[in-house]
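For reference, the structure discussed in these notes is given below.
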Amino acid sequence: MAELIQPVRGMNDVLPDDAPLWDRLESTAAALFASYGYRRIRIPVLERTELFSRSIGEDTDVVAKEMYTFEDRNGESVTLRPEATAGVVRAGLSNGLLHNQQQKLWCSGPMFRYEKPQKGRYRQFHQLSVEALGFAEPEIDAELIALSARLWKELGIASAALEMNSLGTPESRVGYRQALVEYFGRHRDALDEDSLRRLERNPLRILDSKNPALRELIAEAPVLSGYLDDESRAHFERVQQLLGDVGVRFTLNPRLVRGLDYYSRTVFEWLTDKLGAQSAICSGGRYDGLVAQLGGRETPAVGWALGVERIVELQRAEGADGSEPRTDVFLIAAGDAGRRKAFKVVEELRDRLPGLRLSIGSPAAGFKAQMRRADKSGARYALILGDAEVAADRIGVKPLREERPQELMTLEECTRLLGAAPLGIE
């Protein structure tokens, strides 16, 4: 017997029992995004490596440690996308969508990071992201945050808590950067290797360290809010006012810096206490300098991304029903004539009743075995086609959830019965 081929570590299958919660999240989000005026864009999984090194930042863990990067057959360095925002901006620039235009876009799909696999963190993971490009006003920051809050409401998620901060502009962070260099420089002996490297190149990244040994040291570091420029401060205050007006509750977190270098001004995260260590479920903020950084003109922009796997787990943790929608009707065929007729009847019923969840038994199985499968499927009715039913030009209709005898019906009578029944027909 040949050896079984195992999946690549950190690359998980989504099995049929899990799929309904994925479908629910994706369909709910797609409808909500459309209602806010966001249009879907699809971007490649594979991009030139420089797209991410220039946008995310070479000092970030993502670029320095986690990207799946390799040379293609032409010797060009390419990378499996670790996040979507840079790709959306690149697509906008490549296709002329950003010059003197405003775009509201969303996308979904797999991302890739070489991290230690654990629950809620995988090497192939999936995101839904929304991006608003060309909008400078704080109202769009608030809109995107309110959109995410509405998504939790529609999904029945109650535990999501919002944290926010403002990073100001790159110019206003110069003074703050120097204050961090001086502070952490006095504590060099306490810093780990990553933090020492960041101290010289981007000390704000130290605030994003996940090393528990640095927690107290980071807690005592200077706070960015004391270095904000007036315009950034006013922008952030307006975002807070707008969210307060619509009842979106939040907590200010002065240590929230986000893990990617392109962020400026408003940054935010939605957190939950239901998933253990992987508490962040949705993160985002402004990235006003990214378009210019990638070769375009100065363009304000803001967006967020959620982790699909984590939201699916959170739905389950909060009691969402992840069961597959039941079968409405199960058709049982017996005999050569019945098997041939069944195929035609099934397709005609699907034409007449779009959305009918209809399963057909395996003709190779015996009649009793098919009846057991019909009952196990959760179907309300079993339709039976044997040689006798075919000869009479009728269909046997057997109620499975109530004590009623089997009846013989024409296709038209059967259609009327199923069309009037409280089934899953849309």
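The values are calculated or read from the model by the stated rules, or taken from the named source; none is laboratory data. Everything numeric in this text was worked out from a predicted model, so none of it was measured. Positions of Cβ are backbone-derived with ideal geometry, glycine not excepted, and every protein chain shown enters the neighbour counts. Quick note on the areas: whole protein, heavy atoms, side chains included, nothing else; ligands and nucleic acids left out. Shrake-Rupley method; radii C 1.70, N 1.55, O 1.52, S 1.80 Å.
Values for this structure:
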| read-out | value |
| --- | --- |
| Restricting the range 210-264 to residues that are aliphatic (A, V, I, L, M) and under 22 Å from ALA277 (Cβ atoms), the residue that is farthest from the chain's Cα centre (by Cα) | LEU217 |
| Pairs with Cβ under 7 Å, 6+ apart, first in the range 209-238 and open to solvent by less than 80 Å² (accessible area, probe 1.4 Å), second modelled with pLDDT of 90 or more and among the basic types (Lys, Arg) | SER232/ARG265; HIS235/ARG265; PHE236/ARG265 |
| Residue that is of a type in the set (D, E, K, R), in contact with a Pro (Cβ under 9 Å, 6 or more places away or on another chain), open to solvent by 80 Å² or more (accessible area, probe 1.4 Å) and within 30 Å of ASP17 (Cα to Cα), where the choices are ARG339, ARG350 | ARG339 |
| Subset of the range 259-273 [touching a helix residue (DSSP H, G or I) at 6+ places or on another chain (Cβ under 7 Å) and either surrounded by fewer than 19 Cβ atoms within 10 Å (Cβ to Cβ) or part of a strand (DSSP E or B) (or both)] | GLY259, ARG265, THR266, PHE268, TRP270 |
| Of residues in the range 407-422 being surrounded by fewer than 13 Cβ atoms within 10 Å (Cβ to Cβ) and modelled with pLDDT under 90, the one farthest from the chain's Cα centre (by Cα) | ALA420 |
| Scope the range 152-180; condition of a type in the set (A, V, I, L, M, F, W, C), open to solvent by 40 Å² or more (accessible area, probe 1.4 Å) and in a helix (DSSP H, G or I); matching residues | VAL174 |
| Single residue of the range 168-185 satisfying the filter (closer than 17 Å to ARG255 by Cα and small (Gly, Ala, Ser)) that is nearest to the chain's Cα centre (by Cα) | GLY168 |
| Among (1) over 22 Å from GLY295 (Cα atoms); (2) over 23 Å from the mean Cα position of the chain (by Cα); (3) in a loop (DSSP other than H, G, I, E, B); (4) not small (Gly, Ala, Ser), the one test that ASP17 misses | (2) |
| Flag for GLU58 being surrounded by 15 or more Cβ atoms within 10 Å (Cβ to Cβ), among the charged types (D, E, K, R) and farther than 19 Å from VAL308 by Cβ | no |
| Sole residue being out of contact with any Cys (no Cβ under 6 Å at 6 or more places or on another chain) and either free of Cβ contacts under 8 Å to residues at least 12 places away in the same chain or surrounded by 13 or more Cβ atoms within 10 Å (Cβ to Cβ) (or both), chosen from PRO7, PRO16 | PRO7 |
| Unique residue being modelled with pLDDT of 95 or more and among the acidic types (Asp, Glu) when the list is GLU131, GLU115 | GLU131 |
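For (1) open to solvent by less than 10 Å² (accessible area, probe 1.4 Å); (2) modelled with pLDDT of 95 or more; (3) among the hydroxyl-bearing types (Ser, Thr, Tyr); (4) outside any strand (DSSP E or B), each residue gets a yes or a no:
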| residue | (1), (2), (3), (4) |
| --- | --- |
| PHE52 | yes, no, no, yes |
| VAL89 | yes, yes, no, yes |
| HIS99 | no, no, no, yes |
| TRP106 | no, yes, no, no |
| ARG150 | no, yes, no, yes |
